[in-house]
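Structure first, then comments.
Please treat every number below as a calculation from the coordinates, not as lab data. This one's a predicted model, so the numbers in the text were calculated from it and none came from an experiment. Cβ coordinates were reconstructed from backbone atoms using ideal geometry, including for glycine residues, and neighbour counts include every protein chain displayed.
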Amino acid sequence: MLTRFMRTEMLLGGDGMERLKNSRVAVFGAGGVGGYAIEALVRSGVGTIDIFDNDTVCVTNLNRQIIATTETMGQNKVDAAKARALSINPNVVINAHNCFYMPNNADDYDLSVYDYIVDAIDTVTAKIELIIRAQAVGTPIISSMGTGNKLEASMLEVTDIYRTSVCPLARTMRQELKKRGVKKLKVVYSKEQPIKPTAVPEPDGSAVKRATPGSTAFVPAAAGLIAAGEVVKYISGTDNSK
């Protein structure tokens, strides 16, 4: 009899699939990186996924975010992600948190209930808070570094934060985490030199914000899939690097 996860079970085994089914994973950020991480976790058989994001889907998300379609414009990203997840696996439990995780609301969430956390947040302050709190309760976490202004998905890799180079976000994170006594952190990052984006005017003729990075359909997606792969291998017991 054909089943939804049959092809995955051929590689992870029945016990691995059972562990995934009984696991609970949190993904912070449902954008270019986080959206693809959620997609892969759902398709891999993770039983419960908590999604954190307070943004809505807009037209500029269409170039890279898997949850962004003409039908989801204006929806909360967590709701769009939940609907997509349930369309893939109606049995998955999705807890949608329409919030922006920051130090002022971090106490509202118990990170110890998760088997793994994916950090796909853009804001440095939020990333640091999440990482420190996850490590304090012993929950494994993988953090995505910068994927904007890059074109080479093949240059992404998984390593420790203190072995990163080139990436501006990784450099900032290294400095800030070192100050706070964080000894290690698994990250997915690229050592590709960031490209200086060309200024493109808004439809109304106004200038794009200088801080807005350029993006593609493939680099953030690849980072999200890589992050999800690390989670799936860890939980299923097939991660030989542990």
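What is the sum of charges around ILE66, taking Lys and Arg as +1, Asp and Glu as -1, for the other residues whose C-beta is under 10 Å from the C-beta of ILE66?
Details: positive: ARG64, ARG84; negative: GLU39.
Counting the neighbours of ILE66, the net charge comes to +1.
Which FRET efficiency value, to the nearest 0.05, do you get for TYR162 and PHE100 by plugging their Cβ-Cβ distance into 1/(1 + (r/R0)^6) with R0 = 41 Å?
Using R0 = 41 Å, I get an efficiency of 0.90.
Can you list the residues, at least 5 places off or on another chain, whose amide H is less than 5 Å from the amide H of VAL93, using H built in the peptide plane?
Here THR48, ILE49 satisfy the definition.
Which Cα, out of LEU169, ASN98, THR8, lies furthest along the positive dipole direction of the stretch 6-236 (beta carbon charges, K/R +1, D/E -1)?
LEU169
Magnitude of the Cβ-charge dipole of the chain, K/R +1 and D/E -1, about the Cα centre, nearest 20 debye?
740 debye
Could you give me the radius of gyration and the Dmax of the chain, taking only the C-alpha atoms into account and expressing both in angstrom?
Reported Rg and Dmax, both Å: 17.6, 57.
For the stretch 21-38, in order, what is each residue's ³J(HN,Hα) by Karplus, 6.51 cos²θ - 1.76 cosθ + 1.60 with θ = phi - 60°, in whole Hz (x at glycine and Pro)?
Residue by residue, the stretch 21-38 yields 4, 8, 8, 10, 10, 10, 10, 9, x, 10, x, x, 7, x, x, 6, 5, 4 Hz.
What number, in percent, do you get for the relative contact order of the chain if the mean sequence gap of Cα pairs under 8 Å and at least 6 apart is divided by its residue count?
About 23 percent, as a whole number.
Rounded to whole Å, give me the distance from the Cα center of the stretch 132-162 to that of the stretch 55-73.
When both Cα centres are located, 23 Å separates them.
Mind listing the phi-derived Karplus ³J(HN,Hα) values for the stretch 193-199, rounded to whole Hz, using 6.51, -1.76 and 1.60 with θ = phi - 60°, and x for any glycine or proline?
Here the 3J(HN,Hα) series is 5, x, 8, 6, x, 7, 5 Hz.
Tell me, what is the FRET efficiency for GLU71 and GLU18 to the nearest 0.05, using R0 = 35 angstrom and their Cβ-Cβ distance as r?
0.50
Quick check: net charge around PHE5, other residues with Cβ under 10 Å of its Cβ, Lys/Arg +1 and Asp/Glu -1?
Here the count lands on +3.
So the label point goes 7 Å from the Cα of LYS179 along Cα→C-beta, right? Which residues of the stretch 100-139 then have their backbone N under 14 Å from it?
The answer is 124-129, whose backbone nitrogens lie closer than 14 Å to the label point.
For every other residue with a beta carbon closer than 10 angstrom to the beta carbon of LYS77, add +1 if it is Lys or Arg and -1 if Asp or Glu, then tell me the sum. Let's see the in-between values first.
On the way: positive: LYS82; negative: ASP53, ASP55, ASP79.
Summing Lys/Arg as +1 and Asp/Glu as -1 gives -2.
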